[in-house]
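Working notes, structure below.
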Amino acid sequence: MPHSNFVHLRVHSAYSLSEGALRTKDIIELCQRHRMPAVGITDSSNLFGALELSLAARSAGVQPIIGVQIGLRREGIQNVVHAKNSTALPPDQLVLLAQSEVGYENILALVSKAFLNSDAGEPPQVGLKELAERNESVIALTGGPQGIVGRLLSEGQAPAADEALVQLSTIFENRLYVELMRHGLEVEQRIEGDLIDLAYRHGIPLVATNEAFFPDEDMYEAHDALLCISEGVPLSKQDR
């Protein structure tokens, strides 16, 4: 059977609580419909759907790629507070994918650390130290515009973005990919050239990803309502 030349590595299932609207059954059916031989599930800060997806994918002849979207703590000079509201800055995104059972166990450990070592009221997150300790057989994707490299580029901090990429590359050695996204957002287009330049400068491969939270455009309005419920804002609010 001919296969699609694109495989999703950033699918959020319904286990991405108040974010995703894809059931495991839907994910596998979509893979079969679009002839995708594999699929990556990267729910936000958890692996609740890993076993369920693995069993369903295996029975359908689809290769499951197990991972997580984890929060990366802003450290050093970045770990400051907002002057207006005195709240800690939100973590950057980092995507981790398991290469093997060892990698899966390391991701489990990192997710646990993210919850156990984060202060009350802040999102679960890990630091570079934890990543350096538990990265064997783990592939990392830089996280797009919301990752540390993309965010620094979007803020005009190119030298800091370069330094951050080198740090991640040192930790993950030959298992780091610079992530390019095209969801139609202005920031993605603005930083794409810089991301490509950084990747070539440091010999780091590129990977194209798109985050999937729901199956098709017909579900856009329902998913939009889900996000409003999650954020406690009305649908009529324009600048959300």
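The values are calculated or read from the model by the stated rules, or taken from the named source; none is laboratory data. It should be emphasised that the depicted structure is a prediction, and the values quoted were computed from it without experimental measurement. As a convention, Cβ positions derive from the backbone with ideal geometry for all residues, glycine included, and neighbour counts pool all protein chains shown. Heavy atoms of the whole protein, side chains included, go into the accessibility calculation; ligands, DNA and RNA do not. Shrake-Rupley method; radii C 1.70, N 1.55, O 1.52, S 1.80 Å.
Observations on the structure shown:
- Long-range neighbours under 8 Å by Cβ, at least six apart or interchain, first residue under 30 Å from GLU155 (Cβ atoms) and at pLDDT 95 or above within the range 54-81, second open to solvent by less than 30 Å² (accessible area, probe 1.4 Å) and basic (Lys, Arg): GLN69/ARG10
- Filtered by the rule that a residue be surrounded by 22 or more Cβ atoms within 10 Å (Cβ to Cβ) and small (Gly, Ala, Ser), the range 113-127 gives a lone residue, ALA114.
- Some residue of the range 184-197 being modelled with pLDDT under 95 and either surrounded by 17 or more Cβ atoms within 10 Å (Cβ to Cβ) or in a loop (DSSP other than H, G, I, E, B) (or both): yes
- Selected residue (only one of GLU130, GLU155 is buried (at least 16 other Cβ atoms within 10 Å of the Cβ), among the acidic types (Asp, Glu) and free of Cβ contacts under 8 Å to residues at least 60 places away in the same chain): GLU130
- Any helices (runs of 4 or more DSSP H) falling wholly within the range 98-181 and containing at least 2 residues that are modelled with pLDDT of 95 or more and of a type in the set (Ser, Thr, Tyr): 101-116, 158-172
- When the range 15-39 is limited to residues that are open to solvent by 60 Å² or more (accessible area, probe 1.4 Å), of a type outside the set (Phe, Trp, Tyr) and under 20 Å from the mean Cα position of the chain (by Cα), the one that is modelled with the highest pLDDT turns out to be ARG23.
- Unmet requirement for THR142, which otherwise passes all of (1) open to solvent by 30 Å² or more (accessible area, probe 1.4 Å); (2) under 14 Å from ALA199 (Cα atoms); (3) in contact (Cβ under 8 Å) with a residue 40 or more places away in the chain: (1)
- If you go through the range 105-149 and keep only what is acidic (Asp, Glu) and in contact with a helix residue (DSSP H, G or I) (Cβ under 8 Å, 6 or more places away or on another chain), you end up with GLU130, GLU136.
- Some residue of the range 98-108 being touching a residue at least 60 places away in the same chain (Cβ under 8 Å) and of a type in the set (S, T, N, Q): yes
- Number of the condition not met by SER236 [criteria: (1) part of a helix (DSSP H, G or I); (2) polar (S, T, N, Q); (3) open to solvent by 80 Å² or more (accessible area, probe 1.4 Å); (4) modelled with pLDDT under 95]: (1)
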